[in-house]
1. Could you give the distance between the Cα centres of the range 352-419 and the range 288-314, to the whole Å?
2. Using per-residue counts of other Cβ atoms within 10 Å, averaged over each peptide, order 393-401, 234-242, 323-331 from highest down.
3. How long is the gain from E171 to N95 if the chain were fully straight, where each residue apart is worth 0.36 nm and the alpha carbon distance is subtracted?
4. What accessible area, in Å² to the nearest ten, does a 1.4 Å probe give for I85?
5. What percentage of all Cα-Cα pairs in the range 263-410 are separated by more than 27 Å?
6. Stokes-Einstein at 25 °C, 0.890 mPa s, Kirkwood radius from Cα pairs: D for the range 53-98 in µm² s⁻¹?
7. Accessible area, 1.4 Å probe, largest first: how do S316, S216 sort?
8. Modelling each spin label as a point 7 Å along the Cα-to-Cβ direction, I'd like the S316/A189 distance in nm, to one decimal.
Amino acid sequence: MGKVLIKNATIVNEGAIFEGDVLLQDEFITKIGQDISDGAAQVIDAKGKYILPGVIDDQVHFREPGLTHKGNIATESRAAIAGGITTFMEQPNTNPQTTTIEKLEEKFEMGRASSYANYSFLFGGTNDNLEELKRLDKHACSGVKLFLGSSTGNMLVDDERVIEEIFKNTEMVISAHCEDEGTIKANLAKYKEQYGDDIPVKYHHLIRSEEACFLSSSKAIALAKKTGARLHVFHLSTGKEMSLFENDIPLEQKKITAEVCIHHLWFSDSDYDDKGTLIKWNPAVKTAADRSALWEALLDDRIDVIATDHAPHLLSEKDNVYTKAPSGGPLVQHALPAMLEKHHQGIIPLEKVVEKMCHNPAKLFDIEKRGFVREGYFADLVLVDLNAPWTATKANTLYKCEWSPFDGYTFNAKVTQTFVNGHLAYDQGEFSPERHARRLTFDR
């Protein structure tokens, strides 16, 4: 790949914003400084643009294998790099599910064959694969995923004895989807009795309720404290849950960490009338008060990571009555622009966006040499223009499902270039035909 010299950029990294140049050689950042010159390097003038570390998304569903009519590793990772996401961790609820070491390695081979972004895959815990989980090499993948509430793929783990054994028997991060199944079933039965299958979508957050979330997440956290397990709670959605998390110690010392997703920071229950099933997620988008509490916790560091939970479905699948419309939506192309929009609105500092989307996922999952603009680190970099308005439309949406919950919204900031391992993978709407993505390695 040779050398690339990015000149005159504004670099956002490790709590600081400063002017500088960045020299890349092959896969790595070799020098960061002022007035760098190198006659052998290709020069990119980034005057007026910001350099961020490549975004690391710790929760995506790219639908391969088995659900590739919705998306696949190639299409969705391509959309991801257009949105500044250079690294993803994909979830195990595919078909077949990633619940054996054999299936995990098959998925890594799929990533090697087709991914445009760096990749790792989570191993799925079930009620009956504890012995397989015990054999898992902690260096082999990003961690373990438990569905403690049912969602797409029917991987519910509800045997409390097994859950405790999983917590006791892995050193890896356990990422958990926390919703109480009994509460959800009771709420759904009540609304079905009144409406049948055609329940108004605005009641989704009352079916998959605050109490369902709190009951499950509080139980998981209590078990993590009892067993000493390393627990990461995915896609928090309620203000009530924020009391469960702490901000008085550095992330590196936390045993229990928290994630929030783009949709829970952006939408509220007032959007159901307009967006309908397009914003039907599990856990559900809750109230404006919940959204405000999530923002408060994100900014005061009770919440550690921003992710997408990218989970595409076809519009024909979404266009169904409540009980038949699947939950989830596509987000990787629009996640960073959405958070930069919140920066424009004065809600979140640019340094905090980088911390939550780049630095902290790398720290939390012990990812080797990624997530920072540092000499000696892999050159996963994003150039953004904070003053380049563009409107999300079907025509410029890259997901295989061909829609976005942001359709029609005009963002103020735009991703202009994305480097993956020192290779210019995306350049102002054009994709390189070459792929230089790598399987993640972990410093554990």
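The values are calculated or read from the model by the stated rules, or taken from the named source; none is laboratory data. For clarity, every value in this text was computed on a predicted model and none was experimentally measured. Note: ideal-geometry Cβ built from the backbone for every residue, glycine included; neighbour counts use all protein chains shown. These area figures cover heavy atoms from the full protein model, side chains too; ligands, DNA and RNA do not enter into them. Shrake-Rupley method; radii C 1.70, N 1.55, O 1.52, S 1.80 Å.
1. 16 Å
2. Numbers: 393-401: 15.9, 234-242: 23.2, 323-331: 20.3.
Ranking, from highest mean packing down: 234-242, 323-331, 393-401.
3. Working: separation 76, 0.36 × 76 = 27.36 nm, distance 2.66 nm.
Between E171 and N95, full extension yields an extra 24.7 nm.
4. Rounded to the nearest 10, the figure is 0 Å².
5. Details: 3032 of 10878 pairs.
In whole percent, the long-distance tail amounts to 28.
6. Numbers: Rh = 10.7 Å.
In µm²/s, the coefficient is 228.
7. Details: S316 80, S216 10 Å².
Highest to lowest solvent-accessible surface, that is S316, S216.
8. Using points 7 Å along Cα→Cβ, the separation is 3.5 nm.
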